[in-house]
Structures are given as structure tokens and as C-alpha cells.
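Asker: Shown below is the structure under consideration.
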Amino acid sequence: MTMTTPAVPARPGAVLPPLRIGPLTIDTPVVLAPMAGVTNAAFRRLCRESGAGLYVAEMVTSRALVERGEESMRIISHEPDERPRSVQVYGVDPATVGAAVRLIASEDRADHVDLNFGCPVPKVTRRGGGAVLPWKRDLFRAIITAAVEAARPYGVPVTVKMRKGIDDDHLTYLEAGLVAQEVGVAAVALHARTAADYYSGTADWDAIAQLKQTVTDIPVLGNGDIWSAEDALAMVAQTGCDGVVVGRGCQGRPWLFADLAAAFSGSDERITPGLGYVATIVRRHAELMVEHFGDEGKALREMRKHMAWYFKGYVVGGETRAALGLVSTMAELDERLGRLDLEQGYPGAGAEGQRGRAGSPKRPLLPYGWLDSRDLSDEFAKALHEAELSVSGG
């Protein structure tokens, strides 16, 4: 079923109109990409406090969710004032994905469900999941159909996030976008890299433009290499996409969503935080993490990965930087933040640009014989079902 999403008029001065995802209206057309170990409720609150948009929880596996694993249920938990609530589901078996989406929708655990067809990590692709799954076109159609049909009675829109394909010789995104539109998906997002690209090189924004020209009845969102509000505006101008998805660019910079909200409203106001501001946000993030996990030790261990991102470009000192990366209690965090020169201003370009490790292109790990056919054999279907059963615990 194809359904054209009615447009919402843009506000005066706005770069784009609000984003419509089924019954949801997102005033600022920006989506926080789900990132494992990053986009939990604590980080989402920081981003929400900074700006506006749609904030997606960490990916959860469909089997673990159906089994009601403790960590999986934590992943899809939201704060009482978090609206709209958004979760991302991963799976390789249509029945299990449908059951997971039905659980979420029927129990009113989210207002929006995204399906993951973009993950390039080997433990996912070697099972035929994530970015390599759309190669099996009948399986892709079956999964998204099961999800849409499970969510429809409850008015919960389903979206799809995907990559260009397996590699440059095995592209799937245009066909997958048309299939998603046909079966009733509410929007599609494209990370403009292949699985083989991993996070390396430069995102192919021209592919986003091609998808936008091909898929015309539902919103098309662009993802890849948005490190600043200016990057987001440039992507929209180059591709004509209906909104942007931000991933690594906000790591250690939840205030990026304030910049994005300003940019999409037509303002050139931007946050250029001094070190004192950054330290305040780090402290706030840690407090929220303790509240989220209910365990100070676990919360502070989870905070460690964020430290390099927060202090990128600032003069911190090697000893203090290392100490912040080993923090284990709130008292230690306070002591180490207290060593900083909190009067230090914004370092400019040093704090901008890419966050995290880009890595290098790599040959995707695939099930043996995966590329031999676009159709799913009985043997592959059985193997995928077994793979789904082996994934548990969130």
C-alpha cells in the first residue's frame, strides 16, 4: 500500500517544513541515530534538553525483546516526559520481528519503530543481517511487511534505516526504498555508505539525492558526515532530503541539537562552549547515567567512552585526560573535572569535525553463498531462523 504523507507548511524562515512520520509531526526535521552504548535514556535527555527532533533508543534485537530480556526492556524504556518515544529493532526472521513490534506497539512502549538494515558490523552481517539483508529482496519485503502489519492496528509508524548496499557492485538502496514505500513504511533513511565502506571515506550524498528522486511518496532522510549544523544544511541543499539523521557527530556534543534547531529555523546562532560548559554537561551526563542504570559503578564505566569525545580539541593535559578515561565514581569525576582550566574558551576547529574512529573499508563478512542469488533459499531461511534464536539478551 502506497500512501502519500501530507506536507506540513514550513514556518517563516524555516529551511524545511516539519517532518511527518505517519501521525507524528517532528517540528525540527532531525533524528538522533541509534548508537549502541550511546543513545540510552540519559544521553537522549541531554540531547532533548539542548534542541528538538526525534531521538531513537539503542538498537534492540527482536528475539531478545520477545524473550523480555532485562537489558532489552531497559533499552526500550523511556522517561515519562519523553515524546515521541522511538525504538529501533533488528532481526532476520519476519515472524520474530513482527512479534517484537507487536509487543512494543500493543503495550504502548513506543510511538515509533525503526527497523535496522544499516549495521555493518561483522557479527551482524555474517548472519545475513543489517546492511546486507536487503540483498535478499523477498526476506527484506517479508520483514518490513510483518513489522508494518504488527504496528498498524496501534497507529505506530514504522520506518527503515539502511545503507546503499553490500558494496559498490551489490547496491540495494533504490529497490529497497521502493519496496518500503509500497508496503506502508512511513519514511526511509539512508546512510550513504555501503557495508564495505564501514565508516570510512566520505558519505555519498548523491545517493541520497537519487533515493529522494526515486521514493516520492514518503519522507527520505539523509545520514552520513553531519558533523555540524552547516553540514546538515549542505546535505539538504545538495540532496533535497526531507530531514537528516545524526549519529557520530553528536558524540560528546549533545548541544549539536541546539545548533541544528537554530539552523533549520533559519538562525545562524551556534553554541561554542568553553571548557567550563563542557565540564557542566559531563557532570550532568554522569548524574543521568547513574539514575538510568541505578548503579554508580556501571554508570561511570559507561561514561568513560564519552570523555575523549567531550574533550576533543581542548587543552586538558595527558594525565588528566587519561584519568578522566578511567573514572569510576562521581567523587573521582568531580575531582578530575576540578583539575581543568574551566575558564578556557572554545578551541574552534580542534573541537569540530569527525568524532570516533572511522576505520577503513573492509570486505563484509557474509553467510557462505549469500551473493549467489537475490532470492532466499530454504537452506538460508533455516539458517537465518537459527541465527535469530541464537541472539538473546539485548
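Asker: If you count only protein heavy atoms and use a 1.4 Å probe, how large is the accessible surface of TRP227, to the nearest 10 Å²?
Answerer: TRP227 has an accessible surface of roughly 30 Å² with all protein chains in place.
Asker: Would you please state the base-10 log of I(q)/I(0) at q = 0.12, 0.14 1/Å for the stretch 140-231, with intensities from the Debye formula using one equal scatterer on every alpha carbon?
Answerer: Scattering profile of the stretch 140-231, log10 relative to I(0): -0.38, -0.51.
Asker: Here is a further query. So, in Å, what gap is there between the alpha-carbon centers of the stretch 204-258 and the stretch 25-55?
Answerer: One Cα centre to the other: 15 Å.
Asker: Now a separate question. Beyond 25 Å, what share of the Cα-Cα pairs of the chain is found? Please give it as a whole percent.
Answerer: 55 percent
Asker: What angle, in degrees between 0 and 90 and rounded to the nearest 10, separates the Cα long axis of helix 94-106 from the longest principal axis of the Cα atoms of the chain?
Answerer: The two axes meet at around 60 degrees.
Asker: So with the 1.4 Å probe, I'd like the accessible area per residue for the chain, rounded to whole Å².
Answerer: On a per-residue basis, the chain sits at 40 Å².
Asker: When the accessible area of the stretch 275-351 is computed with all protein chains present and a 1.4 Å probe, what percentage of it is carbon and sulfur?
Answerer: Solvent-exposed carbon and sulfur of the stretch 275-351 make up 53 percent of the total.
Asker: Follow-up. With 18 Å as the cut-off, how large is the P(r) tail for the stretch 275-351, expressed as percent of Cα-Cα pairs?
Answerer: Cα-Cα pairs in the stretch 275-351 separated by more than 18 Å: 34 percent.
Asker: How big is Rg to Rh over the stretch 211-361, alpha-carbon atoms, Rh as the Kirkwood inverse-mean-distance radius?
Answerer: So for the stretch 211-361, dividing Rg by the Kirkwood Rh gives 1.04.
Asker: Let me ask something additional. Just the Cα atoms of the stretch 1-145, one point each, no solvent: what log10 I(q)/I(0) does Debye give at q = 0.09, 0.14 Å⁻¹?
Answerer: -0.30, -0.73
The values are calculated or read from the model by the stated rules, or taken from the named source; none is laboratory data. Since we're looking at a predicted model, the values are computed, not measured. SASA here: full protein model, heavy atoms, side chains in, ligands and nucleic acids out. Shrake-Rupley method; radii C 1.70, N 1.55, O 1.52, S 1.80 Å.
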